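Just below is one structure, and these are the notes that go with it.
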Amino acid sequence: MDAVKDSLTQGYNTTKRALSTAPPNDAYLHWDAPGVEEIKPDEEAKAQQIADTMNKMQKHNFDKHRHAFRATHVKTQGLVKGTLTVPSGLPPHLSQGLFAHPGTYPIASRYANEPVFLQSDTEPGPRGMAMKIFNIHGERLETPGNKSLSTQDFFFNNAPMIELTDIDTCLEIMQLRERYFDSPNGLAMALKLRTDIIKQHAPGMLPNTNMISHSMYTQSAFRFGEYYGHMAMFPVLPEMKEKGGAAVSSSGSYTQISDWLFDYFRGAPAKYEVKIQLGTSPAHHPTEDASIVWDEVTAPYQTIGTVEFPVQDSFSQERRVFWEDHMVLDPWRALAAHRPLGSINRLRKVVYGRSQKKRDELNAKKSSNIQSIDEMP
């Protein structure tokens, strides 16, 4: 049965590829080719407006909990240490950026809920994973404070697209989320009046299952050395995949997701394949509309590494407090070879720094760019 299914899928994809107007799958486009990015003159002002709005939501959370969190991905679900292994022998088009240097790199990752408030795990919604990779060297972006760093941060979510789409849509949605911060029903009604109502409700349709079973996607595009693409991580181990069968019930625990992760990591390791889709055409593989899922027929995923996490305590309170109050993660404090692309990424250049500053101010603490895995509890 599986062989028949695979044969039918292959036949369908072959026909679909033949009918597509996209360039050949291996005609990889340079990251700075015309049309890959289209920067609008008012983006800086809009990014500051988004940062202002997200700072207001941070203050709302502080007023409720007397503690400040990040502007998004507020609720920690798990914190783990592990390794990223880049294999030797990658072909030239995949041997790019940090992936041009085979070896094993220490990493630290945080599993989290995406929403801007502390959400019960009984509520479906996007789940994310942030990753900091250590011992990374090479030319770095011109971001203030970036030159002296030896880390690379990547951010993933459990959907291949992001409903925030671009800087204009993001501003509108964030203003609605702030206006109806204490009124989920009011926000739902406001979203129903939008022409992109289906897209904006898509996050609530994601499976509310054990995060260890989820594939994770960067959603937005990044430079990949000479080229540009979307990265993703896919669970490898059968024991990870089988955890996707049970969903959180409506009467389940407020902390069900973190409880499941804790139980999993207490007894088993985790392993992901790291893959990249490389773009060949802005029309088929855009950076400026991050709500478009790149077709795997015209931009197939290609393996560039593996991520592994050993058995460990995934909810150490010491580690949680350290990450939530002190860790700095920012896609713009990065290698030049992994420059964030598209307006949904360009706005992060402003928003992430403003979020960190607000969190530090309200908590009377100072965040830091740790440079060794050993600095993390």
Hey, I276 open to solvent by less than 40 Å² (accessible area, probe 1.4 Å) and either part of a loop (DSSP other than H, G, I, E, B) or in contact (Cβ under 8 Å) with a residue 60 or more places away in the chain (or both) or not: yes
Residue, most open to solvent (accessible area, probe 1.4 Å), within the range 192-247, restricted to residues that are farther than 23 Å from E296 by Cα and touching a Pro at 6+ places or on another chain (Cβ under 6 Å): G204
Hey, L261 buried (at least 16 other Cβ atoms within 10 Å of the Cβ) and either closer than 30 Å to R140 by Cβ or hydrophobic (A, V, I, L, M, F, W, C) (or both) or not: yes
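Table: residues versus (1) open to solvent by less than 50 Å² (accessible area, probe 1.4 Å); (2) under 17 Å from the mean Cα position of the chain (by Cα); (3) polar (S, T, N, Q).
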| residue | (1), (2), (3) |
| --- | --- |
| V311 | no, no, no |
| L329 | yes, yes, no |
| R333 | yes, yes, no |
| L341 | yes, yes, no |
| K349 | no, yes, no |
| R359 | yes, no, no |
| M376 | yes, no, no |
Selection count, the range 149-190, where residues are free of Cβ contacts under 8 Å to residues at least 60 places away in the same chain and surrounded by fewer than 19 Cβ atoms within 10 Å (Cβ to Cβ): 12
Where a residue in the range 101-127 is free of Cβ contacts under 8 Å to residues at least 12 places away in the same chain and its partner, wherever it lies, is open to solvent by 10 Å² or more (accessible area, probe 1.4 Å) and outside any strand (DSSP E or B), with Cβ under 7 Å and at least six apart: none
Residue identified as over 19 Å from the mean Cα position of the chain (by Cα) and open to solvent by 10 Å² or more (accessible area, probe 1.4 Å) among G97, G89, G82: G89
Number of the exception - E296 against (1) open to solvent by less than 50 Å² (accessible area, probe 1.4 Å); (2) within 19 Å of I162 (Cβ to Cβ); (3) not aromatic (F, W, Y): (1)
Elements of type helices (runs of 4 or more DSSP H) in the range 309-377, at least 1 residues being without any contact (Cβ under 8 Å) to a residue 12 or more places away in the chain: 317-326, 348-363
Any strands (runs of 3 or more DSSP E) falling wholly within the range 76-157 and containing at least 2 residues that are at pLDDT 95 or above and more than 30 Å from A27 (Cα to Cα): 76-86, 103-113, 127-134
Selection count, the range 206-257, where residues are β-branched (V, I, T), part of a strand (DSSP E or B) and out of contact with any helix residue (DSSP H, G or I) (no Cβ under 8 Å at 6 or more places or on another chain): 0
Identity of the residue in the range 9-34, of a type in the set (D, E, K, R) and part of a loop (DSSP other than H, G, I, E, B), that ends up surrounded by the most Cβ atoms within 10 Å (Cβ to Cβ): D32
Of residues in the range 100-123 being hydroxyl-bearing (S, T, Y) and under 18 Å from I304 (Cα atoms), the one least open to solvent (accessible area, probe 1.4 Å): Y105
Qualifying residue in the range 51-73 (condition: without any contact (Cβ under 8 Å) to a residue 40 or more places away in the chain and farther than 30 Å from S355 by Cβ): no
Contacts under 8 angstrom Cβ, first residue in the range 10-32 being in contact (Cβ under 8 Å) with a residue 60 or more places away in the chain, partner of a type outside the set (A, V, I, L, M, F, W, C) and assigned to a helix (DSSP H, G or I), 6 or more apart: N25/R17
The range 44-75: number of residues that are within 30 Å of Y264 (Cα to Cα), open to solvent by 10 Å² or more (accessible area, probe 1.4 Å) and either in contact with a helix residue (DSSP H, G or I) (Cβ under 9 Å, 6 or more places away or on another chain) or of a type in the set (V, I, T) (or both): 5
Test set (1) part of a helix (DSSP H, G or I); (2) within 18 Å of G125 (Cβ to Cβ); (3) at pLDDT 95 or above - P203 fails condition number: (3)
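The values are calculated or read from the model by the stated rules, or taken from the named source; none is laboratory data. Quantities reported herein were computed from a predicted structural model and do not represent experimental measurements. Cβ: placed from backbone, ideal geometry, glycine included. Neighbour counts: every protein chain shown. These accessible areas exclude ligands, DNA and RNA; they are computed on the full protein's heavy atoms, side chains included. Shrake-Rupley method; radii C 1.70, N 1.55, O 1.52, S 1.80 Å.
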